[in-house]
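Written out below as structure tokens is the structure these notes cover.
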Amino acid sequence: MFKVENNLQAGFKMSKWADFLISAIRYENELFKNSIAYLKVHPDLGTEIGAGYTWTKEEVINAMYDGKTFYTIIKEKTGEWKKGSIVALITRNGKSIITDSNSTDFDYFVNLREL
């Protein structure tokens, strides 16, 4: 588990951001990078970020349909986690996609490392 008790710059104790946090992704096609196959998902435990596990895109979509919330997280050079963007489930051209942007027809996340 990763402790994230204090955000020293903002001077406040971390509160729970979401049910789960996404720190990395793997695309189905590394060349086009338009469809996600796997994601590294961590439970948000409030003052700690739990260990990450590999989920399929379908598992994330099913959890979102069940009402679970997701945010992206980015690891800083200092080793601390930074809150990213809320993850949205949208339908484009009859397909469910997950994204942190509503202006795309593909699975898309900014600044996440690749698995």
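So here's what we get for this one:
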item: Built amide H within the under 5 Å cut-off of residue 85, gap 5+; result: 72
item: 18 Å Cα-Cα reach of residue 77 towards aspartates and glutamates, excluding residues that sit fewer than 8 places from it in its own chain; result: 5, 114
item: Mean-position separation - Cα centroids, region 44-88 and region 93-114, in angstrom; result: 15
item: Label-point separation in nm, residue 80 to residue 66, each point 7 Å along Cα→Cβ; result: 3.3
item: Rounded to whole Hz, the Karplus (6.51, -1.76, 1.60) HN-Hα couplings of region 78-83, x for glycine and proline; result: 6, x, 7, 8, 10, 5
item: Residue 45 long-range amide H proximity, modeled H, under 5 Å; result: 50
item: Under the Karplus curve 6.51 cos²θ - 1.76 cosθ + 1.60, θ = phi - 60°, whole-Hz ³J(HN,Hα) for region 96-101, x wherever Gly or Pro sits; result: 7, 10, 10, 7, 10, 9
item: Above-threshold pairs, the threshold being 20 Å between Cα atoms, out of 40/95; 16/57; 40/68; 16/75; 16/95; 16/68; result: 40/95; 16/57; 16/95
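Computed from the coordinates by the stated procedures, all read-outs in this text should not be read as laboratory data. If you're wondering where the values come from, they're calculated on a predicted model, not measured in any experiment. When we count neighbours, we look across all protein chains shown, and the Cβ atoms used for this are built from the backbone with ideal geometry, even at glycine.
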